[in-house]
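The numbers here are math on the coordinates, done by the rules we state, and not lab data. This is a predicted model, so every value here is computed, not measured. Counting neighbours? That spans all protein chains shown, and the Cβs are built from the backbone with ideal geometry, glycine included.
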Amino acid sequence: MIANSPDYGPEELMAIVISREVRDQETVGVGMSSPVPAAGCILAEQLQGPHANIIILGSEEYYPFPAGSSKLHGPGESPAVPPTLRSKKSAISKSKSCLATEGTENTEK
C-alpha cells in the first residue's frame, strides 16, 4: 500500500458525495443499474434523511409500486400516486395553478 492512500475507493467516495445531496422529505429515484447512486441514497436515509422517499427500480424494499409499472395507470387513466407521494403531487399542482393564474393576470393588463 502507498503511504497516505485513502482506505476507500472511488465508488465509496461517490456514494458519500451523493448522500450529501439528498435531503429529508425529498423524493429520489434511482435506476436499476445504478448501484453507487442507490448506495448514496440509502446512506443519506440512514444519516440525515430518515423521511426521504427513495425509489430504486427493481428493489423490493425501495419500490412503492408492488405490481410494477402496470399499476401506475392503464390506457386513458390518470396515474395512481403512492400515499407517500400524494402530498408532494398536491403541492406541485397548486404551484402550477398559481403560476398559471399569475400569467393570466399579466396578459390582461
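Along the Cα→Cβ direction, 7 angstrom out, place labels at Met32 and Gln48. What is the inter-label distance in nm?
3.2
Can you list the HN-Hα couplings for segment 6-11, worked out from phi with the Karplus curve (6.51, -1.76, 1.60; θ = phi - 60°), rounded to whole Hz and with x for Gly and Pro?
x, 8, 9, x, x, 5
Amide H neighbours of Val30 under 5 Å, counting only residues 5+ apart in sequence or on other chains, H built in-plane at 1.01 Å?
Ile55, Ile56, Leu57
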